[in-house]
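The values are calculated or read from the model by the stated rules, or taken from the named source; none is laboratory data. Fair warning: this is a prediction, and the values are worked out from it, not measured in the lab. Every residue, glycine among them, receives a Cβ derived from its backbone with ideal geometry; neighbour counts consider all protein chains shown.
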Amino acid sequence: MRYVPTIGLEIHAELKTASKMFCSCRNNPDEEKPNVNICPICMGHPGTLPVLNKGAIKHVLKVGVAVGGTLADFTEWDRKNYFYPDIPKGYQISQFKFPLISDGELAGVKLERIHLEEDTAQSTHDQHEKSLVNFNRAGVPLMELVTKPVIHDAETAVRFAKELQLLLRYLGAGEANMEKGEMRVEANISVASAEATAAGKFGTKTEVKNLNSFRSVERAIAYEIERQSAILETLESAKNESEKAGLEKVVQETRGWDDSKQKTYSQRSKESSHDYRYFPDPDIPKMKISEIAEFSIDALRKEMPELPWAKRDRYKKDYGMTDKEAAVFVENASLATYFDAVISPFKSDSKRVKLATNYILSDYLPSYDQNNAISPNTFSELISMIAGGEISSRGAKDTLALLIKNPSESARAVAEKNGLLQKSNAADIGPIIDKVLADNAKAVTEYRAGKVASIQFLIGQAMKATRGAANPDVVKKLLTEKLG
């Protein structure tokens, strides 16, 4: 590759807490009325004092434990000074020198830091060139994660962002719905020659802000790599310095993403940390993490659920799932919990586990509703009936369809009531076989003349006559005997 892209991500995620970061106002991302979840503290009125949200701090510490990061012993909050209409105080409370988490790794990407800050208000701009500010979001706890500049393609960046979203959901730290702005991705992108990159030298970076979908993340990064590479190539082809002076150069700036045009555009020059004039917030006490028992690593680990990557590996190793099958379960934590409950009575029986996997993913998933689901015990019963030959594949699908409508009933009761239990008794199936042979004389003659495939047609007719309730192995055995 002639030019090598280097990408670092900054991801902001709103945390799921009852109240905001520094006040008791409700943290409700679904609030539709503007400016109702506000108070003098989150509106920045003079003389107000912020109070830390313990739950938000614990969420970030758990993320740090999950990614194998170093938890800070000492931390403090800083004032990040800048003047936008969505910052009521004229500064944002953030963390600069002492983040809660340093280092760590997620999805193969090394992390720089994870810190906690407050979110800004929300600005909207209408067609009449008026701007409105909704302060409901101002002061909501916001986690910022910064990766090291170790990503070299758009696909890896998207894979990382998806894994972070999953982690936040598994930990109960946040929903991270990108379409709601609960998770926002910013990509720092630079391009340099392969030689320079190998020597540890990066090109001039641009920052593409507030990407609100995984598709936008992938396309914006790909576009920016292509744009910067084209600029470098043109500069490289210039014959002399005077010719080069008149050409476009890659400049350090903040760019936006225009989804309709599928391209980035310049917004403003990129600020450096000194532009924000960080200094410790004098109103918030400094914190010694080791002095808070529930923030110890041991205490946090006891509260940790099974993490997405551990669940993914377990499903593939213990149950022989494909990558695709495991991904469906892992990406839907509720469905994964349901699956684990279904297979609990027979998780060492690979045949039943495989049946449960197939029936849940192929037949039940489109109708699955965690609030109105068939009980795991009932689903286990259905799987055991299939494995034991008590019900055919067709009968199982019909039983499942009836259970979806009446999830409180048992699988056996539904199958019995609707004549779906598989008939294996020769005395019950014999008369049906006689009628099939009598009604299909041509197929009988062809079979006896050597056309062995005709028996499959006769089996199908017998299964049709019993509405799939007959055991196909018994049907085949009886037909073979009667055909001689």
Some residue of the range 370-381 being surrounded by fewer than 19 Cβ atoms within 10 Å (Cβ to Cβ), modelled with pLDDT of 85 or more, aromatic (Phe, Trp, Tyr) and touching a helix residue (DSSP H, G or I) at 6+ places or on another chain (Cβ under 6 Å): no
Any hit, the range 328-344, residues being over 30 Å from MET385 (Cα atoms) and assigned to a helix (DSSP H, G or I): no
From the list ALA199, ALA176, which residue is in the same structural domain as GLU32 (by TED's automatic domain parsing) and either in contact (Cβ under 8 Å) with a residue 40 or more places away in the chain or of a type in the set (Asp, Glu) (or both)? ALA176
The correct count of residues that are touching a Gly at 6+ places or on another chain (Cβ under 8 Å) and either under 15 Å from PRO34 (Cβ atoms) or charged (D, E, K, R) (or both) in the range 113-129 is 3
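Go through the range 209-266 and count every residue that is in a strand (DSSP E or B) and either of a type in the set (D, E, K, R) or surrounded by 11 or more Cβ atoms within 10 Å (Cβ to Cβ) (or both). Before the answer, list the steps.
As a first pass, look at the range 209-266 and keep what is in a strand (DSSP E or B): 209-211, 253-258, 263-266.
Those left that are additionally either of a type in the set (D, E, K, R) or surrounded by 11 or more Cβ atoms within 10 Å (Cβ to Cβ) (or both): 209-211, 253-258, 263-264, 266.
Within the range 209-266, residues that are in a strand (DSSP E or B) and either of a type in the set (D, E, K, R) or surrounded by 11 or more Cβ atoms within 10 Å (Cβ to Cβ) (or both) number 12.
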Report yes if VAL452 is farther than 28 Å from PHE379 by Cα, among the hydrophobic types (A, V, I, L, M, F, W, C) and surrounded by fewer than 12 Cβ atoms within 10 Å (Cβ to Cβ), otherwise no. yes
Qualifying residues in the range 383-429 (those that are in a loop (DSSP other than H, G, I, E, B), under 24 Å from ASP340 (Cβ atoms) and small (Gly, Ala, Ser)) - the one farthest from the chain's Cα centre (by Cα): GLY388
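In the set VAL60, VAL51, VAL36, which member is of a type in the set (Val, Ile, Thr) and touching a strand residue (DSSP E or B) at 6+ places or on another chain (Cβ under 6 Å)? If you could, list the steps in order and put the result at the bottom.
Values: VAL51 fails: touching a strand residue (DSSP E or B) at 6+ places or on another chain (Cβ under 6 Å); VAL36 fails: touching a strand residue (DSSP E or B) at 6+ places or on another chain (Cβ under 6 Å).
The conditions single out VAL60.
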Filter the range 287-307 down to the residues that are assigned to a loop (DSSP other than H, G, I, E, B) and of a type in the set (Val, Ile, Thr) and list them by number. ILE292
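Among the residues of the range 168-183, what is the count of those that are in a helix (DSSP H, G or I) and out of contact with any strand residue (DSSP E or B) (no Cβ under 7 Å at 6 or more places or on another chain)?
Taking the range 168-183 first, the residues in a helix (DSSP H, G or I) are 168-171, 178-180.
Subset that is out of contact with any strand residue (DSSP E or B) (no Cβ under 7 Å at 6 or more places or on another chain): 169-171, 178-180.
Total meeting the criteria: 6.
If you check THR6, THR70, THR75, which single one turns out to be closer than 27 Å to PHE279 by Cβ, hydroxyl-bearing (Ser, Thr, Tyr), at pLDDT 95 or above and touching a Lys or Arg at 6+ places or on another chain (Cβ under 9 Å)?
Details: THR6 fails: closer than 27 Å to PHE279 by Cβ; THR70 fails: touching a Lys or Arg at 6+ places or on another chain (Cβ under 9 Å).
Step by step, each of THR6, THR70, THR75 is checked, and only THR75 is closer than 27 Å to PHE279 by Cβ, hydroxyl-bearing (Ser, Thr, Tyr), at pLDDT 95 or above and touching a Lys or Arg at 6+ places or on another chain (Cβ under 9 Å).
Any residue at all in the range 370-377 that is within 25 Å of GLY460 (Cα to Cα), assigned to a helix (DSSP H, G or I) and out of contact with any Phe, Trp or Tyr (no Cβ under 6 Å at 6 or more places or on another chain)?
For the range 370-377, residues within 25 Å of GLY460 (Cα to Cα), assigned to a helix (DSSP H, G or I) and out of contact with any Phe, Trp or Tyr (no Cβ under 6 Å at 6 or more places or on another chain): absent.
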Where a residue in the range 15-38 is on the phi > 0 side of the Ramachandran plot and its partner, wherever it lies, is modelled with pLDDT of 95 or more, with Cβ under 8 Å and at least six apart: ASN35/ASN134; ASN35/PHE135; ASN35/ASN136
